[in-house]
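Okay, so here's the structure we're looking at.
The values are calculated or read from the model by the stated rules, or taken from the named source; none is laboratory data. All values reported here derive from a predicted model rather than from experimental measurement. All Cβ positions, even for glycine, are placed from backbone atoms using ideal geometry, and neighbour counts span all protein chains on display. The area values use the complete protein model at the heavy-atom level, side chains included, leaving out ligands, DNA and RNA. Shrake-Rupley method; radii C 1.70, N 1.55, O 1.52, S 1.80 Å.
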Amino acid sequence: MSVTAARGFLASGVSAGIKESGDPDLALVVNRGPSAAAAGVFTSNRVQAAPVRWSRRAIADGALAAVVLNSGGANACTGPAGEDDARVMAEHTARAVGAEPGHVAVCSTGLIGVTLPMDRVTAGIDAAAARLSEDGGVPAAVAIKTTDSVHKTAVAAGPDWTVGGMAKGAGMLAPGLATMLVVLTTDADVSAPVLDSTLREAVRTTFDRVDSDGCMSTNDTVLLLASGASGVRPDPAEFAEAVHNVCRDLALRLVADAEGASKEIEVRVVGAASEQDAVTVGRSVARNNLLKCALHGEDPNWGRVLSAIGTTSAAFDPDRLDVAINGVWVCRDGAAGEPRDRVDLSGREVTVTVDLRSGEAAATIWTNDLTAAYVHENSAYSS
């Protein structure tokens, strides 16, 4: 159930001493081939961490042999020293696993503006390289956690080929193209161009539809590596479905583990004139703090949904808007519908359905409620 579910991959996770807690904080994922095809998507934040800039260059030729990841420090906004540290991480990993530095991606997560303790990082890379194994997927997933309460892995099986993955993320979840740190692997024989198009489409409708708190990270990275170890060239549609399913599974795990969340909220927008309209409306509803507070308090306040819709440029008639909360159509034709006391919000899962009645397009955005625990998580200490 992780990055080593696919054949041809080894992984490990160790405690390098980057975190003061002594918890695991450095991971390696190594592709033993025979293929080294890879693709990646990254944050669209204009402030980008040194590892993101390094990894963009490393994957430019569509090949990766390894990924080194650390938690406990983002290596973002660290100037020329941070650029040097990202390069050193790639070069040290390359020597440790027998690869070219230009085929090593670097991922970091943690506090922005703090340089990494490179003596510990390089020692950790050596330790992780010594522990690489086919059973190292879970330790690797554990090592990339920051404020995550659980490690996150997923897998989808095709006919004699597999797609696996791991992710970290519990805050700053409002990405453009990607979310936090994600490594996906497959033993299918797939070319880099196909990996790229498949990954971008999967991310577009999964990670890019997660909008937990409206905050975009400087380090967001999603990588997809193919070893070709199965020797099977999959049906493109079947492969795309498997990659999408793993991405969706991991995206929902991110929402479920969002800092302080007590509700997992699915915002479904239907009847839109275009998919972009549906996404715009869904994201506006998902980012409405008043609604997120109301749902935390188990108040089906549909007026806040309409207010959020009204801030967008989407095509709709305000007098034809319908809204359902957990299946109860509390708003019909832009006014009160079924009695709100019929809405059961006692459970963790909440579905808000918006019908714009303006077309046939639809989209889903995933978010969570806004709680006192979230405020505490992000105010009591730096994260």
Problem set entry | Proximal charge balance of Leu345 [Cβ under 13 Å; K/R count +1, D/E count -1] | -2
Exercise. Out of the DSSP beta bridges found with both residues in the stretch 257-383, what percent are antiparallel (nearest 5)?
Worked result: 70 percent
Exercise. Which percentage, to the nearest 5, of the DSSP beta bridges contained in the chain is antiparallel?
Worked result: 70 percent
Exercise. Taking a probe of 1.4 Å, how large is the accessible area per residue of the stretch 1-155, in Å²?
Worked result: 38 Å²
Problem set entry | Sum of side-chain charges, Thr4 neighbourhood, beta-carbon under 12 Å (Lys, Arg +1; Asp, Glu -1) | -1
Exercise. Relative contact order for the chain using alpha-carbon pairs under 8 Å, separation at least 6, rounded to a whole percent?
Worked result: 18 percent
Exercise. Expressed as a whole number of Å, what is the distance separating the alpha-carbon centroids of the stretch 50-77 and the stretch 339-383?
Worked result: 33 Å
Exercise. Which helices of the chain meet both criteria: a Cα extent of 15 Å or more along the helical axis and a mean Kyte-Doolittle score no lower than -0.5, with helices taken as whole DSSP H segments?
Worked result: 118-130, 192-204, 236-256, 275-286
For this session: Lys and Arg at +1, Asp and Glu at -1: add these up for the other residues within a Cβ distance under 14 Å of Lys168 and post the number.
Result: -2
For this session: Could you tell me what percent of the accessible area of the chain is made up of carbon and sulfur, with a 1.4 Å probe and every protein chain present?
Result: 50 percent
Exercise. With the chain treated as a Gaussian network of Cα nodes joined by springs under 10 Å, which of Gly72, Gly22, Gly169 yields the largest mean-square fluctuation?
Worked result: Gly22
For this session: At 7 Å along the Cα-to-beta-carbon direction for both Ser44 and Leu290, put a label point, then send me their distance in nm to one decimal.
Result: 2.7 nm
Problem set entry | Dipole magnitude of the chain about its Cα centre (Cβ charges: Lys, Arg +1; Asp, Glu -1), debye to nearest 20 | 480 debye
For this session: Would you please state the base-10 log of I(q)/I(0) at q = 0.16 1/Å for the stretch 226-383, with intensities from the Debye formula using one equal scatterer on every alpha carbon?
Result: -0.90
Exercise. Given the chain reduced to its alpha-carbon atoms as identical point scatterers, what log10 I(q)/I(0) does the Debye formula return at q = 0.08, 0.09 Å⁻¹?
Worked result: -0.42, -0.52
Seminar exercise, completed: Rounded to whole angstroms and listed largest first, the alpha-carbon spread of the stretch 281-364 along its three principal axes comes to 33, 25, 19
Exercise. Under 22 Å from the Cα of Lys292, which lysines turn up, not counting those fewer than eight places away in the same chain?
Worked result: Lys263
Seminar exercise, completed: Given Cβ charges of +1 for Lys and Arg and -1 for Asp and Glu, the option among Ser227, Ala242, Ala272 whose Cα lies farthest towards the positive end of the dipole of the stretch 202-278 is Ser227
